[in-house]
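To keep things clear, I will list the structure first and then write my remarks on it.
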Amino acid sequence: MITICRFEIIKSNNIISAMDINYRKTRFLKVAATIEQCPKSDLPEIVLSGRSNVGKSSLMNDIADNKKLARTSANPGKTREVVYFETDGKILFADLPGYGYAKASKEVKERFSKLCDDYFRSGRKISLVLNLLDIRHDPSEHDRSMIEFLNNSGIPYFVVFTKCDKLSRMQVGNRLREMARVLDFAEDACVFAISSEKKAGITELTDAITDFVL
Ligand SMILES: Nc1nc2c(ncn2[C@@H]2O[C@H](COP(=O)(O)OP(=O)(O)O)[C@@H](O)[C@H]2O)c(=O)[nH]1
Ligand SMILES: [Mg+2]
């Protein structure tokens, strides 16, 4: 069964803790091109994962309410490193390089996905993964294997459907039901539908993150 996390549910339990993380106090920390360069930190780490162009950097900016924080790009395949952000001294966010960009050369693709794979296999303590999927597209092979990997790894994750402004409300509802059928989400996975364009669903997500972390 899928839990679609809604603001009403989360808010009623966590109205106090929701104020305890100031997401606007998010700053760029560093860029890492190899696993060795990834920072060691005691903060709970939240990883943004998903195919290139799905909206990871846009979401990072929305979480921080700062358009200039993470570089977004209309051309997929731009980010080749893990970009780290620290929020209010309480959370470490890792914006992973996007996987599965079709136009990248084989060598570049392999390098990207190696960094992704290495990242999850490096023994880093990951508190939560935000697994992003474009609401309009059917999940790729890589999207499916990511979910399978997460299900087997025991790492908690939220499923975040992006670009919901591109569809009508009804289409979004239909797609969510369809995706719940075709994708093997964990039983307790929280599912969110967001739009960076319309700034919709962001507060619901940050409230759930706060609830998770605190
Ligand atoms: N319409 C719409 N466009 C979005 C949304 N989120 C991201 N984009 C656009 O999609 C492109 C890729 O976004 P980006 O955040 O760089 O994706 P990343 O490669 O996963 O980091 C950019 O042109 C964004 O402006 C959204 O919710 N709605
Ligand atoms: Mg990006």
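Taking the stated definitions as given, is Leu115 in contact with a Pro (Cβ under 8 Å, 6 or more places away or on another chain), at pLDDT below 70, of a type outside the set (S, T, N, Q) and closer than 25 Å to Asp42 by Cα? Break it down into steps so the answer makes sense when it comes.
Working: in contact with a Pro (Cβ under 8 Å, 6 or more places away or on another chain): yes; at pLDDT below 70: yes; of a type outside the set (S, T, N, Q): yes; closer than 25 Å to Asp42 by Cα: yes.
So Leu115 passes the test.
If you check Ser145, Ser140 for being at pLDDT below 95, loosely packed, with under 15 Cβ neighbours inside 10 Å and within 17 Å of the chain's Cα centre (by Cα), only one passes: Ser145.
For the range 151-185, a residue qualifies if it is at pLDDT 90 or above, part of a helix (DSSP H, G or I) and within 18 Å of Leu48 (Cβ to Cβ), and exactly one does: Cys164. Only a single criterion out of (1) at pLDDT 90 or above; (2) within 12 Å of ligand 2 (Cβ to nearest atom); (3) in contact with a Lys or Arg (Cβ under 8 Å, 6 or more places away or on another chain); (4) of a type in the set (Gly, Ala, Ser) is not satisfied by Gly77, namely (1).
Return the residues of the range 46-68 that are of a type in the set (A, V, I, L, M) and either within 9 Å of ligand 2 (Cβ to nearest atom) or in contact (Cβ under 8 Å) with a residue 60 or more places away in the chain (or both); say none if nothing qualifies.
Narrowing the range 46-68 to residues of a type in the set (A, V, I, L, M): 46-48, 54, 59-60, 63-64.
Scanning the range 46-68 gives Ile46, Val47, Leu48, Val54, Leu59, Met60, Ile63.
The values are calculated or read from the model by the stated rules, or taken from the named source; none is laboratory data. Note that this is a predicted model, so its numbers are computed, not measured. Cβ atoms come from the backbone with ideal geometry, glycine included; neighbour counts cover every protein chain shown.
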